[in-house]
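To start, the structure under review is shown below, and the notes come after it.
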There are 2 protein chains.
Amino acid sequence: MDTIQKELLQAVSGLHEIPVGAYNIRTNGKTEARNSTEHIEIVPREQGDGIVIKIKPGTKNESLHIPVVLSQAGIKETVYNDFYIGDDCDVTIIAGCGIHCGTDDSSQHDGIHSFFIGKNSRVKYVEKHYGSGDGKGQRIMNPETIVEIGENSYMEMDTAQIKGVDSTIRKTTAKLAEHATLKVMERLMTHGEQRAESRFIVDLNGEDSGANIISRSVAKDDSYQLFQSVLNGNAKCSGHTECDAIIVGNAKISSIPEITANNSDAALIHEAAIGKIAGEQIVKLMTLGLTEEEAEEQIISGFLK
Amino acid sequence: MDTIQKELLQAVSGLHEIPVGAYNIRTNGKTEARNSTEHIEIVPREQGDGIVIKIKPGTKNESLHIPVVLSQAGIKETVYNDFYIGDDCDVTIIAGCGIHCGTDDSSQHDGIHSFFIGKNSRVKYVEKHYGSGDGKGQRIMNPETIVEIGENSYMEMDTAQIKGVDSTIRKTTAKLAEHATLKVMERLMTHGEQRAESRFIVDLNGEDSGANIISRSVAKDDSYQLFQSVLNGNAKCSGHTECDAIIVGNAKISSIPEITANNSDAALIHEAAIGKIAGEQIVKLMTLGLTEEEAEEQIISGFLK
């Protein structure tokens with residue numbers, strides 16, 4: 001890998017070198033490196049571009065890294081990754097995509113990740129998106145995450161679009177069985193003329209299932225963000241979505257959450273707030289010696305932490 | 001007026017007799033009684049069914065009653081009422097519609113109310129909807145309220161659908177000028193197979209305009225409710241919507257609020273909660289000697305007060 005690829009890899013996955021455990025590193029549309037372990041098997045997908053990951057029942061405290069790096073401009077790819085996670089697992093999956101654009105050609109990565117989680121398992125899924133380079137080509141990423149959480153299992157999603165992604169449509173759909181839990185923490189920042197859309201559709205199908213979706217976003221300059229969530233309570237369940245957004249400059253933000261109780265034992269809550277940083281917060285930090293820009297930056301980084 | 005008409009009139013407007021001040025009482029598609037005053041003039045609309053109400057600038061502490069009663073089954077009417085409210089007014093407008101269905105014929109009242117409010121005025125608008133009678137005919141009411149609130153003016157809407165309305169689509173659109181304020185308190189109860197949809201579209205166009213929309217609803221039995229609101233912050237403004245709903249029985253409720261900040265000085269908040277009555281609340285009241293049904297009834301009536 002060259003310097004740009006290494007930089008992207010570090011930004012999206014925190015990796016400086018080949019990781020321990022199972023991994024699949026994809027660069028410029030091809031597999032750069034792949035490693036299966038005793039419990040985590042990675043094989044190419046039979047149809048379409050992508051991989052199939054099979055995690056054996058009882059796999060505990062193991063991790064899987066699947067970063068994607070596009071350093072060559074003009075690549076457009078759709079990749080399907082399917083994750084089959086057995087019963088009684090406890091695993092961490094670190095995905096991420098970094099695009100570098102040095103020319104006028106746009107690059108686009110559409111990653112469709114499907115998770116089939118068995119019973120009594122815990123899955124932590126971390127996904128970072130990052131763009132760099134001063135080419136005029138657009139850096140486009142459209143991640144789609146499809147999740148089926150089995151009985152008594154827990155899925156935690158920690159997703160972040162750090163910076164440099166010009167256009168993104170993020171879709172997450174989840175179906176929860178009995179006693180299943182979904183926790184999502186999404187962090188988004190857009191600047192310049194960037195556009196970001198984030199959509200969630202969560203079906204709380206099983207008794208005592210629960211979902212907690214938190215989205216925090218900052219829209220700067222002339223960027224645009226749309227947050228949309230649909231939470232369907234189809235059984236005795238609890239659901240909560242929270243969408244907090246900060247506007248800086250001329251940015252525009254829309255938030256459209258939908259909660260539907262199809263069962264009288266569904267308890268659903270939504271909260272959303274859009275606004276700019278309170279003037280007094282800025283002033284307070286400025287009295288401590290920061291410039292206005294530094295104060296704003298500090299508040300934003302705390303908000304997105 | 002006959003006994004049924006008098007009962008409906010009382011249910012929707014609290015009136016036992018002809019009110020003081022300006023009024024227009026409409027029964028079974030015709031004007032039953034009308035009275036203009038020195039400051040409030042009521043004239044028939046030139047086009048379409050309905051009336052035009054002109055409230056002179058400076059009119060203070062006056063009220064206007066415009067109840068509608070349908071006691072005869074099988075009536076279907078669309079009525080347009082236009083309100084022109086001058087500068088520096090402080091008035092209360094009491095509208096309402098009662099439908100009695102004694103046969104298999106459905107009755108429907110679609111009332112389109114347009115308010116054009118001048119500067120520095122205060123308007124309180126009270127609207128109650130009620131249905132009665134044991135006929136199989138549907139009692140249908142589709143109220144539409146269009147509001148333009150002038151500079152520095154205040155509009156308060158207090159709307160309630162008490163009971164007995166089989167199908168309703170409620171639409172409210174409002175445009176606010178500088179320093180204008182809109183406050184809405186909506187209370188809805190549905191039972192049996194009833195359907196209720198409530199939609200708000202509020203444009204906060206003027207600097208320092210503000211809107212506070214609160215919807216409280218109870219859906220019983222097999223009824224269905226949809227709450228939809230769109231709050232557009234187009235200037236330095238503040239907006240808040242809150243939608244709390246209680247489910248009883250097999251009822252279904254959807255809440256789809258949308259907040260959009262088109263200006264970085266717009267501060268918008270939405271909150272929504274759907275759930276059933278907490279079991280401990282029922283138990284607590286039962287220990288005071290109430291039956292389960294009485295306890296439930298008491299909690300609901302407190303929630304909708």
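Summary table below
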item	result
Along principal axes, Cα extents of the protein assembly as shown, largest first, whole Å	88, 55, 45
Cα centroid separation, segment A:218-246 to segment B:83-116 (Å)	36
Inter-label distance, nm, simple model (7 Å from Cα along the C-beta direction), A:D88/A:Q298	5.1
Inter-copy label distances at B:D208 (7 Å, Cα→Cβ; nm, one decimal)	5.5
Cα gyration tensor, segment A:53-112 - rounded (a/c under 1.5), prolate or oblate	prolate
Within straight-line cross-link reach of B:K305, lysines at Cα separation under 25 Å, skipping those fewer than 8 residues along the same chain	B:K6, B:K124, B:K128, B:K163, B:K171, B:K183, B:K220, B:K252, B:K276, B:K284
Distance histogram for segment A:145-276 (every C-alpha pair counted, 10 angstrom bins, percent rounded to whole numbers)	14, 44, 28, 13, 2
Where B meets A: accessible area buried, both sides, 1.4 Å probe, Å²	2100
Förster radius 22 Å - calculated FRET efficiency between B:D110 and B:D134 (Cβ-Cβ, nearest 0.05)	0.40
Using a 7 Å Cα-to-Cβ projection, A:K30 label spacings across copies, nm, ascending	8.9
Fraction of accessible area attributable to carbon and sulfur, segment B:75-150 (%, probe 1.4 Å)	41
Average projected area [Cα convex hull, segment B:231-296], square nanometres	5.8
Choice from A:E294, A:E242, A:E178 showing the highest fluctuation, given a GNM over chain A with Cα pairs closer than 10 Å	A:E294
Rounded accessible area per residue of the protein assembly as shown, 1.4 Å, Å²	42
Shielding by other protein chains, A:122-135, mean Cβ within 10 Å	0
If the convex hull is drawn through the Cα atoms of segment B:1-144, its volume per residue in Å³	89
Label-point gap, in nm, between B:V20 and B:E242 - each point 7 angstrom along Cα→Cβ	3.3
Spin-label zone in segment A:182-199 - amide nitrogen under 16 Å from a point set 7 Å from the Cα of A:I169 along the C-beta vector	A:195-199
Segment B:3-278: C-alpha gyration tensor shape, a/c 1.5 cut-off, then a/b vs b/c	oblate
Separation between Cα centres of segment B:260-305 and segment B:118-169, rounded to whole Å	22
Ascending list, in nanometres, of distances separating the A:D88 label from those of the other copies (7 Å, Cα toward Cβ)	8.3
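The values are calculated or read from the model by the stated rules, or taken from the named source; none is laboratory data. Bear in mind the structure is a predicted one, so any value in this text is a computation, not a measurement. We place every Cβ from the backbone using ideal geometry, glycine too, and count neighbours over all the protein chains shown. We work out accessible area using only protein heavy atoms, side chains counted, and drop any ligands, DNA or RNA first. Shrake-Rupley method; radii C 1.70, N 1.55, O 1.52, S 1.80 Å.
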